[in-house]
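A short worksheet on the structure shown next.
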Amino acid sequence: MSAKQGKYDLTQGPILHKLIPLSIPIMATSFMQMAYSLTDMFWMGRLAGGSAVAAVGTAAQFLWLSMAFMVIGRMGAEIGVSQNMGRGDTQAAKSFAQNSFIIALVLGIAYAAVMITLSGPLIGFFRIDDPVVVHEARQYLVVSALSIPFLLAHNVITGCYNGFGNTKIPFYINSLGLVLNIIISPILIFVLGLGIVGAAAGTVVASVVNLSLKIWAIKFYSGRPFEEYAIFSKINWDRVKQICKWGIPVAAESALFTSLFMVVSRLVSEFGVGAIAAHRVGYNVEALSFMVGGGFAMAFAAFVGQNYGAKKWSRLHSGSRISLIVMAGYGVFVTIVLFVFANPLVRIFLDCPYEIQMGGDYLRIVALTQLMFCMEGVAVGSFRGRGLTVYPSVVSISSNVIRVIVTYALAATALGITGVWIGIAVSMTIKSVWLLVWYWVNVRKLPKVDELESDLQVQ
């Protein structure tokens with residue numbers, strides 16, 4: 001193992017000292033992705049209030065759906081790179097990275113073409129009765145769709161770095177993209193008078209710059225996973241098959257989550273444009289939790305992948321215990337913040353008292369789910385790091401079906417829109433508890449000591 005690779009070796013050294021530097025940039029990168037969305041929402045709120053926020057929120061759901069295609073390539077890169085780096089097989093790791101990039105680019109182009117071609121029927125699904133919101137949502141969707149191929153491709157390169165153990169480079173580049181978006185969005189929206197189209201165009205420009213910088217970094221910058229990396233290489237169909245085996249369950253989970261989220265959003269729209277705006281803002285503020293939980297899951301997956309590949313069983317178990325404690329602490333913190341500061345957080349984006357109250361109610365209700373939700377990220381990371389992507393996908397898909405059933409049932413009662421918020425919280429709790437129990441049962445089947453230690457004990 002080279003000195004450079006040893007620097008990012010997650011199979012050696014104090015576990016917490018490895019996990020914290022690994023996870024913080026990934027969490028921060030997740031916040032960068034959330035901030036892209038919040039930047040558009042903030043400026044739209046200043047431009048035209050709740051109607052513009054509702055338009056962005058409606059169209060953005062189809063951009064979230066693109067994450068289902070993104071995770072196929074990203075899972076291939078993260079799992080393929082981490083496990084093979086743990087085994088010391090750099091060439092296999094690079095092959096997974098290169099094939100994942102090609103898959104992401106092809107899927108991104110295809111998905112963007114569908115979004116642009118079918119923008120009318122897609123926005124029409126929500127049955128929004130405000131023609132201005134419908135028109136602006138279509139505009140935002142068509143322009144934003146141009147960013148999807150770049151988004152999927154640069155996330156694969158992020159996955160390569162995560163699996164390698166160097167999470168700082170993607171964070172630095174994503175930070176530059178966010179700063180660029182923050183600078184150019186108000187110029188395009190207000191100075192050039194492009195309105196909602198300007199907000200979408202800012203995201204496209206930031207995505208193009210993001211991908212360009214990541215390609216340069218992985219080919220030339222120090223701390224890269226591979227000495228040589230070809231963006232376009234010969235397709236290895238065995239690698240493609242394995243990438244799909246890892247990625248498709250996660251893609252199905254992501255696609256169904258977003259699809260069922262849209263079904264719930266359609267229910268929310270029946271309570272008016274104000275409810276749509278409140279839901280959109282509340283969901284994004286809640287990202288304070290799930291972006292960190294998801295980010296930690298990615299970091300822990302890299303840790304698990306390298307140690308699983310190296311068969312460092314005792315280190316894997318110790319990392320699990322430490323990670324559960326860390327995420328439980330963060331879950332308590334988020335619970336307090338969302339519950340106590342619910343209305344002030346929503347007021348940052350909305351100024352209508354009715355909308356602020358609805359968004360505040362949403363945050364206070366989902367705040368009660370955050371402890372288990374944050375701990376859930378450890379279970380997800382453990383499964384994915386070992387290539388067992390089906391397990392969390394089954395749980396997520398099942399619980400999201402439950403979400404639709406419960407929200408529709410409670411919304412039909414006197415609870416109204418509050419019933420929707422309660423239904424969301426109930427399904428989140430079911431998912432977290434189910435996944436953590438399954439993780440606990442599954443991880444107990446792993447060996448407790450390393451092979452070398454076991455051999456010494458026998459002797």
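The values are calculated or read from the model by the stated rules, or taken from the named source; none is laboratory data. Please read all numbers here as calculations on a predicted model, not as lab measurements. Using ideal geometry, Cβ is built from the backbone for each residue, glycine included, and neighbour counts are taken over all protein chains shown. With ligands, DNA and RNA removed, areas are computed over all heavy atoms of the protein, side chains included. Shrake-Rupley method; radii C 1.70, N 1.55, O 1.52, S 1.80 Å.
Some values worked out for this structure:
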quantity	calculated
Residues (free of Cβ contacts under 8 Å to residues at least 60 places away in the same chain and polar (S, T, N, Q)) located in region 315-356	T335, N343
Selected residue (criterion: nearest to the chain's Cα centre (by Cα)) from residues of region 172-197 that are more than 30 Å from I24 (Cα to Cα), in contact (Cβ under 8 Å) with a residue 60 or more places away in the chain and part of a helix (DSSP H, G or I)	I196
Some residue of region 238-259 being open to solvent by 70 Å² or more (accessible area, probe 1.4 Å) and outside any helix (DSSP H, G or I)	no
Residue that is part of a helix (DSSP H, G or I), open to solvent by 20 Å² or more (accessible area, probe 1.4 Å) and not charged (D, E, K, R), where the choices are L410, L388	L410
Only listed residue being among the aliphatic types (A, V, I, L, M) and at pLDDT below 90, chosen from V426, V441, V390, V366	V390
Residue in region 227-235 that is surrounded by 18 or more Cβ atoms within 10 Å (Cβ to Cβ), out of contact with any strand residue (DSSP E or B) (no Cβ under 8 Å at 6 or more places or on another chain) and closer than 29 Å to T58 by Cα present	no
Unique match (being open to solvent by 10 Å² or more (accessible area, probe 1.4 Å), β-branched (V, I, T) and over 19 Å from A55 (Cβ atoms)) among I218, I157, I187	I187
Scan of region 360-384 for residues that are within 16 Å of the chain's Cα centre (by Cα) and more than 15 Å from V395 (Cβ to Cβ), ordered by number	C374
Per-region count, region 324-371, residues within 22 Å of V420 (Cα to Cα) and buried (at least 19 other Cβ atoms within 10 Å of the Cβ)	22
